[in-house]
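Engineer: My structure is below; once you've seen it, I'll send some questions.
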Amino acid sequence: MQKAKNELIKNLEKDMENVAELISIEEDLADVKSEMDEVNALLDERIEIEKETLDIKAEE
């Protein structure tokens, strides 16, 4: 019985380590998503500027 309890405790500890690792990965992914959103916004701005520049050149 004690052996089974020890095994369960060992498995629980491994599960807790896995949960901690998953939380860390989720936080990292959230950071990456935030950075990608910023890059996307900057690229959208750059595209709009380029479109305006092309429109001005086309009018000349």
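The values are calculated or read from the model by the stated rules, or taken from the named source; none is laboratory data. If you're wondering where the values come from, they're calculated on a predicted model, not measured in any experiment. Glycine gets a Cβ as well: all are built from the backbone with ideal geometry, and neighbour counts include every protein chain shown. Heads up: the accessible areas ignore ligands, DNA and RNA and are worked out on the full protein's heavy atoms, side chains in. Shrake-Rupley method; radii C 1.70, N 1.55, O 1.52, S 1.80 Å.
Engineer: Check off (1) open to solvent by less than 100 Å² (accessible area, probe 1.4 Å); (2) modelled with pLDDT of 95 or more; (3) not β-branched (Val, Ile, Thr) for ALA4 and give me the number that stays unchecked.
Structural biologist: All conditions are met except number (2).
Engineer: A further question follows. What is the number of the single condition among (1) over 17 Å from the mean Cα position of the chain (by Cα); (2) surrounded by 10 or more Cβ atoms within 10 Å (Cβ to Cβ); (3) among the polar types (S, T, N, Q) that SER24 does not meet?
Structural biologist: If we test SER24 against (1) over 17 Å from the mean Cα position of the chain (by Cα); (2) surrounded by 10 or more Cβ atoms within 10 Å (Cβ to Cβ); (3) among the polar types (S, T, N, Q), just (1) comes out false.
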